[in-house]
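All remarks here apply to the structure that follows.
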Amino acid sequence: MDSSNIDFAAIWQQQKVAQSNMDELKSKLKKYQKTSIQKLIVFNILLIATAAGIFCIWYFYQPQHLTTKIGIVLTILAMATYLFAYNKQLSHFKQIDETQTNSRYLKSLAALKTKQKYLQTKMLSIYYLLLSSGIGLYTYEYTLKMTVFWAYFAYVITLTWIGFNWFYIRPKTVKKQETNLNELIGKLENLNKQLHEK
């Protein structure tokens, strides 16, 4: 092979572009990791505060009906179950390290994607089922004190809010999470292909 035909400047430029792409991608991965951990912390604080508020309602207002107490327990159980599953993501975020190889990055992101899919399908369904049942049972005691019209109105408003969250907010949030993670995985896969083609 004639060494005079090798374009060293082009090869050097390709390496600089690949390194620049890798640095940019690692920066995006780090930002995604940081943002996700912050959301995890905020979510924990909000659910724990909500559960504490529900306990205060139970303690200070002393509900009389068993259905109200079961409703409170189901609501707190829904929060605790989802929080437990959601917090398992933290270990996946801690495994993502910028010193990892590209293939390890991909494996870590794939594991995170699998965990997110589980949370967005099975765990979120369990959460909404328990939460809806809990709220329905909790409000029963108080709707008994209302006229029939206002009792129906209270249930319609509650079910509408739950339906809005389930059919509009949840799919939108799930799609956004999937899009962000799929974009990162796609960019990492493309970069891997570029590096292996050289």
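The values are calculated or read from the model by the stated rules, or taken from the named source; none is laboratory data. As the structure is a prediction and not an experimental result, all values here were calculated from the model. Methodologically, a virtual Cβ is constructed for each residue, glycine included, from the backbone with ideal geometry; neighbour enumeration extends over all protein chains shown.
Condition check: part of a helix (DSSP H, G or I), surrounded by fewer than 14 Cβ atoms within 10 Å (Cβ to Cβ) and at pLDDT below 80. Does Asp23 satisfy that? Spelling it out, Asp23 is indeed part of a helix (DSSP H, G or I), surrounded by fewer than 14 Cβ atoms within 10 Å (Cβ to Cβ) and at pLDDT below 80. If the condition is being in contact with a helix residue (DSSP H, G or I) (Cβ under 9 Å, 6 or more places away or on another chain) and among the β-branched types (Val, Ile, Thr), then the range 42-74 contributes Ile48, Thr50, Ile54, Ile57, Thr67, Thr68, Ile70, Ile72, Val73. Under the condition of being crowded, with 16+ Cβ neighbours inside 10 Å and small (Gly, Ala, Ser), which residue from the range 58-91 is modelled with the lowest pLDDT? Selected residue: Ala85.
For the range 104-135, what are the residues that are of a type in the set (Gly, Ala, Ser), surrounded by fewer than 18 Cβ atoms within 10 Å (Cβ to Cβ) and at pLDDT 85 or above?
Of the residues in the range 104-135, the ones of a type in the set (Gly, Ala, Ser) are 108, 110-111, 125, 132-134.
Next, only the ones that are surrounded by fewer than 18 Cβ atoms within 10 Å (Cβ to Cβ) stay: 110-111, 125, 133.
If the condition is that a residue be of a type in the set (Gly, Ala, Ser), surrounded by fewer than 18 Cβ atoms within 10 Å (Cβ to Cβ) and at pLDDT 85 or above, then Ser125, Ser133 are the ones that fit.
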